[in-house]
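Presented below is the structure to which this report refers.
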Amino acid sequence: MSNVSEGVIQALGAMRGSKLRSALTVLGVVIGVTTVMVMASLVEGIRGQIFASLENSSPETFYVIRFFSSVPLNPQNLPAEVRVRPIVRELDAEALRRVPLIRHAGLWVQVQQRMEYQGEHSQQLNVWGADNAYLDVQGGTLLQGRWFSTAELSGGASVLVIEQDVAQRLLGRLDPLGRVVRIGGRPFTIIGIFAHPDNIFQPPGAQDGGVIPFRTAQQNFHYDETNALFIVVLAERGVNIDVAKDAAIGALRRSRGLRPGTANTFDLLTQDQILAIIDKLTSAFFLVMMALSSVALLVGGIGVMAIMMVSVTDRTREIGIRKALGATHAEILFQFLVEAATLTAVGGLLGIGVGLLGGELLKSVLGIKSGPPLWSALVASAASIAIGLVFGVVPANRAARMDPVEALRYE
């Protein structure tokens, strides 16, 4: 421990003696560690918000889709295995509604359109063609007004339940109820205002703008029948989701006339599968960010090696004196490794502080609510010290192998 403390003191003294050189050396480490911390904070925040938003929705929810793929399929160039499958349709939803274990089954579609009110335009928004089970599935609260009547749902009425933030941006302080906004150039009357749960995650550019009856969306907008059209199914409360899924599969197979032994011409998607996809995507994103930040850490490590080589040269006589007084090869090697690790540890601590602050600021701008990922601070600290040890081996070994006589002659 005395050797470690001595090495740390000497390293800090060397940094004070060469402030500019030391600052430039640790800058690469600071940048690398900051990148690690910011990316870890952002990814963890996104994951937490997505998982929390899914937890707000009904746990009895699952979806019937034409074909399950972890990435969106090109509707203009669908694989043969997708083309042979029929799209989901109202007959499928009717078959599911007749299952005793299922309390709701409805066709939904998602389209992206701009909203407009008296010259004020929104960005591209997700507009859902859905039904009155929207809040049961997605979570949230109806703040004002009402949902759709049976006649509006069946007749394809031009009515809209708008999201509160979108309503405020378009109409300001005006009362939205009864106002007519345009979606994709078509007029819709606002009959209700809803709010998402506080912790729902909305990626930039993909905010939910509102909900219109499914038949209205079907009649007025073009949409992707493979990726954007699906049946939302709600099992009866208290019914095991797997039992409800099995019953749904049986009902759909009978409705579509599939013989025993033939493959399903549809897929079912549960929240567990959605979470697995999200986890896979965010993990891949995190690995890419770590790879990019490791480049900065590598540059910082090379800088550490360079300054330690200069330090060894500057302290040649000191090394010679220590070896002449009995310092062993291992002691000299250990001393310079401790100095290198100290140099990168300083950069790591600075990077952690900047990274935590930057991550919290970025999450604040994006509206993501989550705590700082403390595990990433431990990883970043360990990584910065490890870089110092790895890149300090060469200069430390050079110092340890010096001949004491030659070192004492050095001027």
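The values are calculated or read from the model by the stated rules, or taken from the named source; none is laboratory data. Remember, predicted model here, so these are calculated numbers, not experimental data. Here Cβ is always computed from backbone atoms with ideal geometry, including for glycine, and neighbour counts include all displayed protein chains.
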request  = Looking only at the stretch 260-273, decide whether some residue is among the hydrophobic types (A, V, I, L, M, F, W, C) and in contact with an Asp or Glu (Cβ under 9 Å, 6 or more places away or on another chain).
outcome  = yes
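For every residue, the table says whether it meets (1) in a loop (DSSP other than H, G, I, E, B); (2) among the polar types (S, T, N, Q); (3) modelled with pLDDT of 70 or more; (4) farther than 30 Å from LEU362 by Cβ.
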{"residue": "VAL4", "(1), (2), (3), (4)": "no, no, no, yes"}
{"residue": "ALA11", "(1), (2), (3), (4)": "no, no, no, yes"}
{"residue": "ALA23", "(1), (2), (3), (4)": "no, no, yes, no"}
{"residue": "LEU54", "(1), (2), (3), (4)": "no, no, no, no"}
{"residue": "VAL82", "(1), (2), (3), (4)": "no, no, yes, yes"}
{"residue": "ARG85", "(1), (2), (3), (4)": "yes, no, yes, yes"}
{"residue": "ALA105", "(1), (2), (3), (4)": "no, no, yes, yes"}
message = I want to confirm something. Restricting to the stretch 56-80 and keeping residues that are among the hydrophobic types (A, V, I, L, M, F, W, C) and part of a loop (DSSP other than H, G, I, E, B), which single residue is farthest from ILE274 (Cα to Cα)?
response = LEU78
request  = Determine which member of the set THR189, THR265, THR226 is at pLDDT 90 or above, of a type in the set (Val, Ile, Thr) and surrounded by 18 or more Cβ atoms within 10 Å (Cβ to Cβ).
outcome  = THR226
Conditions (1) over 17 Å from the mean Cα position of the chain (by Cα); (2) at pLDDT below 75: number failed by LEU252 = (2)
remark   = Taking the stretch 215-236 and keeping only residues that are of a type in the set (Phe, Trp, Tyr) and closer than 23 Å to ARG98 by Cα, one is left with PHE230
ask   = So which residues in the stretch 113-130 are touching a Leu at 6+ places or on another chain (Cβ under 7 Å) and either under 19 Å from ARG237 (Cα atoms) or outside any loop (DSSP other than H, G, I, E, B) (or both), if there are any at all?
value = GLN113, MET115, TYR117, GLU120
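Could you list all residues from the stretch 80-138 that are of a type in the set (A, V, I, L, M, F, W, C) and free of Cβ contacts under 8 Å to residues at least 40 places away in the same chain?
Once the filter is applied, which keeps residues that are of a type in the set (A, V, I, L, M, F, W, C) and free of Cβ contacts under 8 Å to residues at least 40 places away in the same chain, the stretch 80-138 yields only ALA80.
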inquiry  = Just to confirm my filter: which strands (runs of 3 or more DSSP E) fall fully inside the stretch 156-259 and include at least 2 residues that are of a type outside the set (Val, Ile, Thr) and assigned by TED's automatic domain parsing to the domain that holds LEU73?
reply    = 159-163, 186-195, 208-213, 229-235
Qualifying positions in the stretch 148-169 - among the hydrophobic types (A, V, I, L, M, F, W, C) and under 17 Å from TRP128 (Cβ atoms) = PHE148, LEU153, ALA157, VAL159, LEU160, VAL161, ILE162, VAL166, ALA167
Residue within the stretch 161-169 that is modelled with pLDDT of 95 or more and within 17 Å of LEU234 (Cβ to Cβ) present = no
query = Right, PRO100: modelled with pLDDT of 85 or more, out of contact with any Ser or Thr (no Cβ under 6 Å at 6 or more places or on another chain) and in a loop (DSSP other than H, G, I, E, B) or not?
reply = yes
